[in-house]
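First the structure, in the form of structure tokens, and then the observations on it.
Readers should treat all values here as calculations from the given coordinates under stated rules, not as data from a laboratory. This is a predicted model, so every value here is computed, not measured. Here Cβ is always computed from backbone atoms with ideal geometry, including for glycine, and neighbour counts include all displayed protein chains.
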Amino acid sequence: MTAVDVHDGGEIDGSVRVFAQSSNDGLIVTASALATRHRTAIITLAARHRLPAIYASRYFVTAGGLISYGPGPAADLILLGRSGWPSSASI
């Protein structure tokens, strides 16, 4: 596993390009405000470099990303008891 530290949007293109050129099999995008703000660019670059990618939020998937690993908003509502289901419902 190779970690890539990106601190601003201007670093994303070069970081993904370098990552794709090394022997990596896929991209795991963790949750951050930076990643969410630049999700379209990240998704486009992952596709351009043929990197399968998994994202922390479904918002990446609705924007065209492959798959996400985080819970959806319905899980938050169930845990808070706002969906009409009992707050003790197991997930």
Along the stretch 41-58, Karplus-curve 3J(HN,Hα) (6.51, -1.76, 1.60; θ = phi - 60°) to the nearest Hz, with x for Gly and Pro, reads 5, 5, 4, 4, 5, 4, 5, 4, 9, 6, 9, x, 9, 10, 10, 6, 9, 5
Quick one: 12, 67, fewest Cβ neighbours within 10 Å first, how do they rank? 67, 12
Whose amide H sits under 5 Å from the amide H of residue 27, counting only residues 5 or more places off or on another chain, with H placed in the peptide plane? 53, 54
Cβ-defined net charge surrounding residue 51, 14 Å radius [Lys, Arg +1; Asp, Glu -1]: +1
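Length gain on complete extension for the stretch residue 20 to residue 36, per 0.36 nm per residue less the alpha carbon to alpha carbon distance?
Working: separation 16, 0.36 × 16 = 5.76 nm, distance 2.03 nm.
Fully extending the segment from residue 20 to residue 36 adds 3.7 nm.
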